[in-house]
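Single-structure report; data block below.
FYI, it's all coordinate maths here, none of it is from the lab. Because the structure is predicted, anything quoted here is derived from the model rather than measured. Because the Cβ atoms are built from the backbone with ideal geometry, glycine has one as well, and the counts that use them run over all protein chains shown.
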Amino acid sequence: MGLSGSSSIGRRIGVFGGTFDPAHNGHIAVALFALTAFSLDEVLMVVASDQWLREKAPMASAEHRLKMVRLAVADEENISGSDVDLRRSGPTYTVDTLKDLRNKYSNASLVLISGLDSALSMDRWDRGDQLTQLAEIAVVGRPGETLDLDSLADTHPAKDANYLEGPMVDVSATLVRERIESGEGIDDLVPGVVAEYINEHGLYGQEENA
């Protein structure tokens, strides 16, 4: 459950955005890693409605994706699913997400959690030059990946990012969907409650249970 603005004094809140289509074990591993590695008090998994850099729209509805995130982290005391982007009409831009969260958690420090590829493209994000005014940038890379900060322009939002190699979890939302489409099990890729939800609602080409 998220904090109110008055109770967020001095706290560090991680902002981990994504389509989460669906939420899987890799997402949870990154959120748990970030919670400790970047000394965060809470991680908000922000479900996106429409990402401007994304070519294809999510397969599952925003309502389903948010529900799956919340089910996936129900037992994690300091991680929660956020609908801040779903409450806003129009495309999803991270700068708007951060501004909305800044208004809600006015006394907290925001930390934007990003993967390496996304971090490198931040200079192309809508109003990307405002990101560092609203939040610290924390980048989680895959094992073996490196971020050469010296190669980035001084004006690049990720220039002063805190970069750490994250956990090795070989899973992606694409893999989950492919397994479902081919009739294979996904219990090793997603939390059990998410697998049950997907089955119950017939998501990703799976027949809905009566």
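Can you compute the charge dipole magnitude of the chain about its Cα centre, using +1 on each Lys and Arg Cβ and -1 on each Asp and Glu Cβ, nothing else charged? Give it in debye, rounded to the nearest 20.
740 debye
Taking a ≥ b ≥ c as the square roots of the Cα gyration tensor eigenvalues, with a/c under 1.5 meaning rounded and otherwise prolate when a/b beats b/c, else oblate, which class fits segment 55-133? Show your work: numbers first, answer last.
Working: a/c = 1.59, a/b = 1.22, b/c = 1.31.
Oblate, because a/c is 1.5 or more while a/b does not exceed b/c.
What dipole magnitude, in Debye to the nearest 20, does segment 96-210 give about its Cα centre under +1 on Lys/Arg Cβ and -1 on Asp/Glu Cβ? Working shown, then result.
Values: 9 positive and 23 negative charges, 111 e Å.
Dipole magnitude for segment 96-210 comes out near 540 debye.
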task = Only Cα pairs under 8 Å and at least 6 apart count here; give the relative contact order of segment 67-210 as a rounded whole percent.
result = 18 percent
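Over the Cα atoms of segment 118-169, compute the convex hull volume and normalise it per residue, giving Å³. List each step's numbers first, then the result.
Details: hull volume 4.2 nm³, N = 52.
Convex hull of Cα atoms, per residue: 81 Å³.
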ask   = With charges only on Cβ, +1 for K and R and -1 for D and E, what is the dipole size of segment 61-161 about its Cα centre, in debye, rounded to 20?
value = 460 debye
query = Which aspartates and glutamates have a Cα less than 13 Å from the Cα of Lys67, not counting those fewer than 8 places away in the same chain?
reply = Asp21, Asp83, Glu196, Glu200
task = Using the charge dipole of segment 18-105 (Lys, Arg: +1 at Cβ; Asp, Glu: -1 at Cβ; taken about the Cα centre), state which of Ser89, Ala23, Ala48 has its Cα farthest towards the positive end.
result = Ser89
ask   = Given only helices, namely DSSP H runs of n ≥ 4 each adding -39500 (n - 2.57), what is the per-residue ellipticity at 222 nm of the chain, to the nearest 500 deg cm²/dmol?
value = -8500 deg cm²/dmol
ask   = Per residue Cα convex hull volume for segment 126-210, in cubic angstrom?
value = 160 Å³
note = Going fewest to most other Cβ atoms within 10 Å around each Cβ, Asp123, Asp129 line up as Asp129, Asp123
Cα lying deepest toward the dipole's positive end in segment 77-210, options His156, Asn78, Gly183, charges on Cβ = His156
